Amino acid sequence: MPDGAAQLLAALRNPDGGFPPSAGGASEPEPTALAAIALDDADARQWLMDHQRSDGGFVVGPDKVLNDSPTPLAALALAPGAGRERALDYVVAHQAPALGADDRIPHDPNTRGWGWTSMTFGWVEPSARALLVLKLLRPKAEQIADGNAVMSDRECHGGGWNYGNKQVFGTLYEPFLQTTAAGLLSVQDRTDGIRERAIAVIGRLWRAEPGGLGLGQASAALHAVDRADADLDAQLTALVTGTKLFGDVVALAWTVIALGDAIDLLRIRPA
Amino acid sequence: MNRLFHRQMSRRRFLLRAAELGLATGAVGLGIGAILERIPRSPWDTRAFPPPGRATVAVLKAASYSGDLEQTVMEGLRLVGADVSGASVLLKPNMVEFDPSSVINTDPRLVAATVAVMKRMGARLVTVAEGPGHRRDTQYIVAKSGLRDLLRDVDAPFLDLNIAGLTRVPIRSNWTQLGELWLPTDVVEADIVVSMPKMKTHHWGGVTLSLKNMFGTVPGRIYGWPKNVLHFAGLHDSILDVASTVHPDIAIVDGIVGMEGDGPIKGTAIMAGHLVFGRDPVAVDATAARLMGVDASRVDYIADAGRFLGQARPELIMQVGEDPERSATPFKLRPEFQGLRSGSSVQTPPANAAGG
């Protein structure tokens, strides 16, 4: 654990018990959920319970744009019980609508995944986090098959993921470090090669993409699959020491998760 | 009333008052909202947007990012009458993502030069801010692009708009029916917002310039990556609603090296050799499009912006510096956008993208 990373994160807590995306902001579900996981933090969990909607979801956004993508992370952060189950019910009931076939952005129109916001396309990161949490907490959910199909469909040539499709207008798009890390966490149980390709992509990209969020999430993904990279962790540690990750709470929380005990919560156990 | 006071009142007070109004009307109840949604609305309120007047746009030669870039920026801002004295200035470059082998971004050297010029012109505070549309890891982009080091040299902070504190504001026009936006408070409260796009083609919209560049002010943690809500609401409509609400006060287009073909990410570099300056972002985009060999009146969102947001008609734009027609470097366009070419009779498709 980088010196003081957990303390840096804890110091960004708001008086209401929640965590903001960056220092001084209002508490929001995603950073609060990640901080609750990273720090095993009762106050953050209480904030989540206080802000869970009656439908089980956790949202941010104006009335017509409800970003419900933090809900899977909040489910993972909550203690076992009714709140967690309602959050999981929300996740299985709120997949993205299927988008029709489009030659410009070829994809499997039978897949759905999960979007950042209600009623929009299923994107890699929100799909990956929903898939991960369902595999961890509701492993018999039928939506897992769709989630796995989405991750296969969106996988870039050679492995890994960017934020969306692997091809647009006939041009292949390359994977990103951070989204590949999110994807690896969600497919860590698969034995069809997709996991190994993602590990290789992370190994190829992490030196070229030295941002705190990417490195923190990549470290977490590699630790989750027991393939930690000491050099990556050293670079992440140096970045935390040198920049405090610029007060990015989500990046700090992933770092603390990656290098602390909380990583065990993200490991998918064989059935 | 001095100019700064007028400027602050016209920008900050409008947005902040609009934010208060939005919260107040939001409390009235869903019943009224449901009724209003059934009443067809004009895309804009003519009382809020009087007919666009004449505009001045400066096109200056700039052969490279080395040399006396600051002098060129200073001259461009002087020619269009920009005044930033005493103001808090927020520079918004295009850093949507980063590829070391490509020219996706507004060149950091131009951004740093503009910071230095703004300070020389008496700006009270200059902040560089961006909310990348494709990447969550903003610090990666800022570091690898070289922007962080250059900003350190000119002593300017960088603000990640994807994680900044937010203010809820009503949208000033009604193209999308989204009704309101959550925008970074720093954007809302800045005295002057400067849109600094890269001169690029765009595979959904034809071209991307200072109006489209405002997508980067909309936070990804609300609207997703790649700001997918805006694409679902319609690219054309969203460009107009975001630009009308944020409304950059100054636009500086990086057309030294642009991107042609499959922009805004996968296109190729083209030496265009110009910077474009103005205080009317619509006029700047119309002029920059001409420099790209594109008829701005055929770019639907620029044409519609010219109806209420700014001046798009060449005969009402006073061009200073280089002549945009004679200085044009025709950018390669995707086949479906050949109709945007000046003099072409080809039809272009509507701009939209739900996935991708």
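If you filter the range B:131-160 down to residues that are within 14 Å of chain A (Cβ to nearest Cβ) and in contact with a strand residue (DSSP E or B) (Cβ under 6 Å, 6 or more places away or on another chain), you find that the one that is farthest from B:ILE265 (Cα to Cα) is B:PRO157. A single entry from B:ALA288, B:ALA296, B:ALA305 fulfils the requirement of being within 15 Å of B:GLY343 (Cα to Cα), within 19 Å of the chain's Cα centre (by Cα) and small (Gly, Ala, Ser): B:ALA296. I'd like to verify a number: residues in the range B:171-180 that are surrounded by 20 or more Cβ atoms within 10 Å (Cβ to Cβ) and either more than 7 Å from chain A (Cβ to nearest Cβ) or touching a Leu at 6+ places or on another chain (Cβ under 9 Å) (or both), how many? Within the range B:171-180, residues that are surrounded by 20 or more Cβ atoms within 10 Å (Cβ to Cβ) and either more than 7 Å from chain A (Cβ to nearest Cβ) or touching a Leu at 6+ places or on another chain (Cβ under 9 Å) (or both) number 6. The set of residues from the range B:294-307 being farther than 12 Å from B:SER244 by Cβ and either surrounded by fewer than 18 Cβ atoms within 10 Å (Cβ to Cβ) or among the charged types (D, E, K, R) (or both) comprises B:ASP295, B:SER297, B:ARG298, B:ASP300, B:ALA303.
Filtered by the rule that a residue be within 9 Å of chain B (Cβ to nearest Cβ) and buried (at least 19 other Cβ atoms within 10 Å of the Cβ), the range A:217-264 gives A:GLN217, A:LEU239, A:LEU245, A:PHE246, A:GLY247, A:ASP248, A:VAL249, A:VAL250, A:ALA251. When A:ALA82, A:ALA33, A:ALA42, A:ALA101 are checked against the criterion of being farther than 28 Å from B:ALA164 by Cβ, within 14 Å of chain B (Cβ to nearest Cβ) and aliphatic (A, V, I, L, M), a single residue qualifies: A:ALA101. Applying the criterion of being β-branched (Val, Ile, Thr) and either surrounded by fewer than 21 Cβ atoms within 10 Å (Cβ to Cβ) or in a loop (DSSP other than H, G, I, E, B) (or both) to the residues of the range A:108-140, the residue that is modelled with the highest pLDDT is A:THR111. Annotation: B:LEU125 fulfils all but one of (1) farther than 30 Å from B:ALA272 by Cβ; (2) free of Cβ contacts under 8 Å to residues at least 40 places away in the same chain; (3) at the interface with chain A (Cβ under 8 Å from one of its Cβ atoms); the unmet one is (3).
Within 30 Å of B:ASP262 (Cα to Cα), among the aromatic types (Phe, Trp, Tyr) and touching a Phe, Trp or Tyr at 6+ places or on another chain (Cβ under 7 Å): is that true of A:TYR173 in this structure? In short, no. Of all the criteria given as (1) surrounded by fewer than 24 Cβ atoms within 10 Å (Cβ to Cβ); (2) within 14 Å of chain B (Cβ to nearest Cβ); (3) under 25 Å from A:GLY100 (Cβ atoms), the one not satisfied by A:VAL150 is (1).
In the range A:47-54 there is at least one residue matching the filter, namely being outside any loop (DSSP other than H, G, I, E, B), closer than 21 Å to B:ILE222 by Cβ, more than 19 Å from the chain's Cα centre (by Cα) and acidic (Asp, Glu).
With respect to B:VAL242, determine if the residue is within 19 Å of the chain's Cα centre (by Cα), surrounded by 21 or more Cβ atoms within 10 Å (Cβ to Cβ) and under 30 Å from A:ASN162 (Cα atoms).
yes
Those strands (runs of 3 or more DSSP E) of the range B:217-328 in which 1 or more residues are more than 30 Å from A:SER69 (Cα to Cα), within 14 Å of chain A (Cβ to nearest Cβ) and of a type outside the set (D, E, K, R) occupy B:250-260, B:268-278. Answer with yes or no whether A:GLY159 is of a type outside the set (Ser, Thr, Tyr) and either surrounded by fewer than 19 Cβ atoms within 10 Å (Cβ to Cβ) or within 14 Å of chain B (Cβ to nearest Cβ) (or both). No; evaluated as a whole, the condition is false for this residue. Within the range A:150-169, residues that are within 15 Å of A:LEU205 (Cβ to Cβ) sit with their Cβ atoms under 8 Å from residues that are crowded, with 24+ Cβ neighbours inside 10 Å and of a type in the set (Phe, Trp, Tyr), at 6+ positions apart or across chains, in these pairs: A:GLU155/A:TRP161; A:GLY160/A:PHE176; A:TRP161/A:PHE176; A:ASN162/A:PHE176; A:TYR163/A:TRP123; A:TYR163/A:PHE176; A:TYR163/B:TRP225. The residue of the range A:170-212 that is farthest from the other protein chains (Cβ to nearest Cβ), among those that are crowded, with 16+ Cβ neighbours inside 10 Å and at pLDDT below 95, is A:TYR173. Of B:GLU75, B:GLU70, B:GLU97, all but one fail to be closer than 25 Å to B:VAL218 by Cα and either acidic (Asp, Glu) or out of contact with any helix residue (DSSP H, G or I) (no Cβ under 6 Å at 6 or more places or on another chain) (or both); the exception is B:GLU97. For the range A:139-171, residues that are among the aliphatic types (A, V, I, L, M) and over 16 Å from A:GLN95 (Cβ atoms) total 1.
The values are calculated or read from the model by the stated rules, or taken from the named source; none is laboratory data. Predicted, not measured: the structure shown is a model, and the values here were computed from it. All Cβ positions, glycine included, derive from the backbone under ideal geometry; neighbour counts span all protein chains shown.
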